[in-house]
Amino acid sequence: MIQFHEIKVGDYLIAENEGDKKQGEVTNLNGDEKQVCVNTGAQDFWYETEQLSAIPLDEGQLMKLKFQKQENEDGSVKYMKGAFRMLLPSKDGFNKFEIWYRDEHRHILHPINVHQLQNHYYEMTKVHLNDEAFD
């Protein structure tokens, strides 16, 4: 389960309704009721936090978010979107990696989920990370 305070409008999550799980984007938050409005493609529905789960961060998710990949000679892998960078010490090394934007660097010391990367990205760039290509 995801903590309500972690969720921001624009985050990608998995919403479950009667056993049916769909990936969607958070479109609204109701802080009083601790409910989250998610668009799963057809329309917006309100969910309780117990009905939401995180999407584990991996290369497939980064490709969906339109990151570009660069494999380095030392075995490390860099993912780039605009001026934002992620450096993994090895392929699929999502357990411990570094992110940076301009002069701000952050060391991530444990696996994170897509919405957590989106939140780091927003805090650092002031732009929402989504699946649109960077111009």
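Observations, loosely collected:
- Within the range 2-40, the residues that satisfy the criterion of being of a type in the set (S, T, N, Q) and either closer than 18 Å to Leu57 by Cα or not in a strand (DSSP E or B) (or both) are Gln3, Gln23, Thr40.
- Unique residue being over 14 Å from the mean Cα position of the chain (by Cα), of a type outside the set (Val, Ile, Thr) and assigned by TED's automatic domain parsing to the domain that holds Ile14 when the list is Glu48, Glu71: Glu48
- Selected residue (only one of Lys69, Lys91 is of a type in the set (Lys, Arg), out of contact with any helix residue (DSSP H, G or I) (no Cβ under 7 Å at 6 or more places or on another chain) and part of a strand (DSSP E or B)): Lys69
- When we screen Asn39, Asn28, Asn113 for residues that are surrounded by 12 or more Cβ atoms within 10 Å (Cβ to Cβ), closer than 17 Å to Leu13 by Cα and in contact with a Leu (Cβ under 9 Å, 6 or more places away or on another chain), the only hit is Asn113.
- Taken over the range 47-66, the criterion of being in contact with a helix residue (DSSP H, G or I) (Cβ under 8 Å, 6 or more places away or on another chain) and outside any loop (DSSP other than H, G, I, E, B) is satisfied by Thr49, Pro56, Gln61.
- Among the candidates Phe4, Phe45, residue that is free of Cβ contacts under 8 Å to residues at least 40 places away in the same chain, hydrophobic (A, V, I, L, M, F, W, C) and either closer than 20 Å to His120 by Cβ or surrounded by 15 or more Cβ atoms within 10 Å (Cβ to Cβ) (or both): Phe45
The values are calculated or read from the model by the stated rules, or taken from the named source; none is laboratory data. Every value quoted in this text rests on a predicted model; they were computed, and no experiment measured them. Note that we place each Cβ from the backbone using ideal geometry, even for glycine, and neighbour counts take in every protein chain shown.
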